[in-house]
Amino acid sequence: MMGLLVRTVKSSIRNQATYLRFFMDSNIKPEYSTQIQFQMACTGRKWCDFVSYDPHFTRQSSHLRMRIKRVHPNKKQNEKINKAVETFLAEIEEKVKQILVKAA
C-alpha cells in the first residue's frame, strides 16, 4: 500500500524559491511532514510519495517541474501524533460528559 501527497507551487518568486530549495535539498516543510506521517498512521501505509510540482518552468528546464521524495514512517513523530490524538479524544470525551450532565 502506498500514499501520495501533491503540492503545486503558486505563481510567485517566494514560492518558486521555496520549491527550488526543496528541489535541491529534499527537505519537506514540517507541516507537510506531520501531514504525511498522520496520513500513513491513519491508513497503515508503508510509505508516501511527496510530490512537489511547479508548472512555471519552461520547456528548456521542464525536468525541474517535478520532484518526488519517498517518505517512510517516523516512529518518534508517530509517537507524538498518537499522544496528541489520545489527548484530543480524552478532551472530547470530557466535553461529551459535561454536555450530558447539563442535558439531564
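Quick note: the coordinates plus some simple rules give every number you see, no bench work behind them. Computed from a predicted structure; not experimentally measured. We place every Cβ from the backbone using ideal geometry, glycine too, and count neighbours over all the protein chains shown.
List of remarks:
- Total residues in segment 47-104 satisfying the condition of being part of a loop (DSSP other than H, G, I, E, B) and either of a type in the set (D, E, K, R) or surrounded by fewer than 10 Cβ atoms within 10 Å (Cβ to Cβ) (or both): the figure is 4.
- Hits in segment 18-46 - residues which are part of a helix (DSSP H, G or I) and small (G, A, S): S33, A41
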